[in-house]
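**Student:** The structure's right below; bear with me while I get my questions together.
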Amino acid sequence: MAKNKTQPTKASVTGFINSIEDPQKRADARKVAAMMRRATGKRAKMWGSSMVGYGTYHYKYESGREGDFMVTGFSPRKQALTVYIMAGFERFAPLMKELGKYKTGKSCLYIKRLSDVDEEILERLITESVMHMRNTYETW
């Protein structure tokens, strides 16, 4: 069975965040990091070279493929701050209506800057997603 390409590393999360050139992106990353720490109670780990993850869950698809991945996380990409809401967005429709300006992928929330969204709603979304993941999967 093939392993996920994205695996946790020993790289420094603080060093990664401090290396973000744009001061606003760096400040936004620090705020989201604090939200995720509060939601999970876990310390951050680097996943690959550019993803900051919190907690781990084990998944198993009907196909038999299984693996481990972060419960939640983010990546301060050039185009947008990508927040990983592993539970997806359908169950959080009421929160999504209140969130502000964003785009989504399957489990990716794309935010240009944190000031585009309601930070309290974002933290609730992260927290509720983490709770869903813990209720659905084996997490640690």
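The values are calculated or read from the model by the stated rules, or taken from the named source; none is laboratory data. Worth saying up front: this structure is predicted, and the values here are computed from it rather than measured. When we count neighbours, we look across all protein chains shown, and the Cβ atoms used for this are built from the backbone with ideal geometry, even at glycine. These accessible areas exclude ligands, DNA and RNA; they are computed on the full protein's heavy atoms, side chains included. Shrake-Rupley method; radii C 1.70, N 1.55, O 1.52, S 1.80 Å.
**Student:** Among the listed residues Gly88, Gly105, Gly73, which satisfies the condition of being free of Cβ contacts under 8 Å to residues at least 40 places away in the same chain and under 20 Å from Lys42 (Cα atoms)? Let's see the steps before the verdict.
**Tutor:** Values: Gly88 fails: under 20 Å from Lys42 (Cα atoms); Gly105 fails: under 20 Å from Lys42 (Cα atoms).
From the options Gly88, Gly105, Gly73, the qualifying one is Gly73.
**Student:** Does the stretch 118-127 contain any residue that is open to solvent by 60 Å² or more (accessible area, probe 1.4 Å) and in a loop (DSSP other than H, G, I, E, B)? Spell out how you get there, then give the answer.
**Tutor:** Filtering the stretch 118-127 down to residues open to solvent by 60 Å² or more (accessible area, probe 1.4 Å) leaves 118-120, 124.
The next check asks that each one be in a loop (DSSP other than H, G, I, E, B); those that pass are 118.
Taking every residue of the stretch 118-127 in turn, at least one turns out to be open to solvent by 60 Å² or more (accessible area, probe 1.4 Å) and in a loop (DSSP other than H, G, I, E, B).
**Student:** Now for a separate question. Any idea how many residues of the stretch 17-33 are under 18 Å from Gly55 (Cα atoms) and open to solvent by 40 Å² or more (accessible area, probe 1.4 Å)?
**Tutor:** Summing the residues that are under 18 Å from Gly55 (Cα atoms) and open to solvent by 40 Å² or more (accessible area, probe 1.4 Å) in the stretch 17-33 gives 2.
**Student:** Another question about this same structure. State yes or no: is Lys3 at pLDDT below 95, closer than 23 Å to Ser115 by Cα and open to solvent by 60 Å² or more (accessible area, probe 1.4 Å)? Reasoning before the result, please.
**Tutor:** Details: at pLDDT below 95: yes; closer than 23 Å to Ser115 by Cα: no; open to solvent by 60 Å² or more (accessible area, probe 1.4 Å): yes.
In short, no.
**Student:** If you don't mind, another one. Please work out which residue is nearest to Gly53 (Cα to Cα), limiting yourself to the stretch 128-140 and to residues that are assigned to a helix (DSSP H, G or I) and open to solvent by less than 80 Å² (accessible area, probe 1.4 Å).
**Tutor:** So in the stretch 128-140, the residues assigned to a helix (DSSP H, G or I) come out as 128-136.
Among the residues that remain, those that are also open to solvent by less than 80 Å² (accessible area, probe 1.4 Å) are: 128-130, 132-133, 136.
Numbers: Glu128: 16, Ser129: 14, Val130: 12, His132: 17, Met133: 14, Thr136: 18 Å.
So the residue we want is Val130.
**Student:** Answer with yes or no whether Lys42 is surrounded by fewer than 18 Cβ atoms within 10 Å (Cβ to Cβ), without any contact (Cβ under 8 Å) to a residue 40 or more places away in the chain and out of contact with any Cys (no Cβ under 6 Å at 6 or more places or on another chain).
**Tutor:** So Lys42 fails the test.
**Student:** Does Phe74 satisfy being of a type outside the set (A, V, I, L, M), buried (at least 20 other Cβ atoms within 10 Å of the Cβ) and modelled with pLDDT of 95 or more?
**Tutor:** Numbers: of a type outside the set (A, V, I, L, M): yes; buried (at least 20 other Cβ atoms within 10 Å of the Cβ): yes; modelled with pLDDT of 95 or more: yes.
Yes, satisfied.
**Student:** Of all residues being among the hydroxyl-bearing types (Ser, Thr, Tyr) and either within 30 Å of Ile20 (Cβ to Cβ) or in contact with a helix residue (DSSP H, G or I) (Cβ under 9 Å, 6 or more places away or on another chain) (or both) in the stretch 48-69, which is surrounded by the fewest Cβ atoms within 10 Å (Cβ to Cβ)? Just the residue, please. Don't jump to the end; show me each part of the working.
**Tutor:** Filtering the stretch 48-69 down to residues among the hydroxyl-bearing types (Ser, Thr, Tyr) leaves 49-50, 54, 56-57, 59, 61, 63.
Within this subset, residues satisfying the condition of being either within 30 Å of Ile20 (Cβ to Cβ) or in contact with a helix residue (DSSP H, G or I) (Cβ under 9 Å, 6 or more places away or on another chain) (or both) are 49-50, 54, 56-57, 59.
Values: Ser49: 10, Ser50: 14, Tyr54: 26, Thr56: 17, Tyr57: 19, Tyr59: 15.
Taking the candidates together, the pick is Ser49.
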